[in-house]
Structures are given as C-alpha cells and as structure tokens.
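See below for the structure under consideration.
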Amino acid sequence: MIITPKILARIVAIIVFGVVLQLSFFSQIALLHVSPDILPALVVSLGLLGGTMTGVVTGFWLGFLVDCLLFEPLGASSLVLLSTGYIAGVFRERFEIHSPLIPPLLCMGLTLLAELGLGILQLLIGFDATVSGLVLRDVLIKGIYAFFLGWPIYLGVRRALRPALIEDPTVRRRRQPTVLGA
C-alpha cells in the first residue's frame, strides 16, 4: 500500500468511523445476548490490505482511541489490536489470498484470539470480574459474528483504499498488440 496524505486521511476516517460505529451501534445490539465486536475484523482488514506496518499502527491507534473513549486502563485494547494487525499483516506478506473465504476466516480466527487475549489482559491488569464458562460461549459467538461481518468490512475497506493498493486484481491491463516483422 502506498501511503499518501489522502490515503492517511482515509485510514484515519476508517478508524474513527469504525470506533463510532462499534460504540454507538454494535455495542447496543445483542444477538444471543452477545454484542458483535467489529474492531478486530477492521484491523484484520487493514492488515490484510496494507501489510504489517499498517496493521500494527492502525491496531494501536484504534485500541488507544477505544480505551480513551471507554475510560479503561490505557494499553490493553491497543496491545491486543496491535497484535491482531501484525498477524494479519504477516499473513498478507507471506501468503496469497486466493479464496474469498480467507478474509472472513481470518477475521473469525483473529477475533477469537483478540477476545481471549483481551480477557486475559484484563484479568492480569486486575479488573474485578467473575470468570465463568459463559465467557467462552461469548467469545465463540463473537467469532461467528466476525465471520459474517468480516467480508463486508473487508470489501468496504478495500473499496475505500483502492487508489493505494498495489495488487488490485480488478485493474486489467490492456494487451499491447504484437507486431510481426518488427
């Protein structure tokens, strides 16, 4: 991905829009008594499209913004989302995305890891919370939500960042006519 000031402004807008959407809309919806968390899927999409550096930086700032807005101890969400963006970026740099199922599957898997990691970090920091078997049920349901929301999030981020993407398969090159005898 080529980062220009306009693309940086788009990335910042994506981050702010994602946080506002999560805190104002998705946190109010409870399907099966669990609210979807779109932020790990958003970081995975940015990491898949931009690489490790984009995934790490956007994951850190997205987590920092969430921690600031929710008045939580700074750093837990940043560390988890930073790691999520790094793993997605490493996947992009080492493997090709051949199947349309790869982005939603990565969103699901990395959301599961992010939710578990955030829960462990919050317990280590000292949040007073009871731990029960329902936590694992909630994490699994959030992973399923991330699978179904991962594809539209990936496509939306891809569309917003299309001018900066280097390997865009929708761009077709014109074939040059072959000249015989030249």
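In the range 24-34, how many are open to solvent by 50 Å² or more (accessible area, probe 1.4 Å) and of a type in the set (A, V, I, L, M)?
Selection size over the range 24-34: 3.
Which ones in the range 91-105 are open to solvent by 30 Å² or more (accessible area, probe 1.4 Å) and not aromatic (Phe, Trp, Tyr)? Step through it out loud before you land on a result.
Just the residues of the range 91-105 that are open to solvent by 30 Å² or more (accessible area, probe 1.4 Å), to begin with: 91-102, 105.
Result: 92, 93, 94, 96, 97, 98, 99, 100, 101, 102, 105.
Need the failing condition index for residue 109 against (1) over 16 Å from the mean Cα position of the chain (by Cα); (2) more than 18 Å from residue 157 (Cα to Cα); (3) not β-branched (Val, Ile, Thr), just the number.
Every listed condition holds for residue 109 apart from (1).
The values are calculated or read from the model by the stated rules, or taken from the named source; none is laboratory data. Every value quoted in this text rests on a predicted model; they were computed, and no experiment measured them. These accessible areas exclude ligands, DNA and RNA; they are computed on the full protein's heavy atoms, side chains included. Shrake-Rupley method; radii C 1.70, N 1.55, O 1.52, S 1.80 Å.
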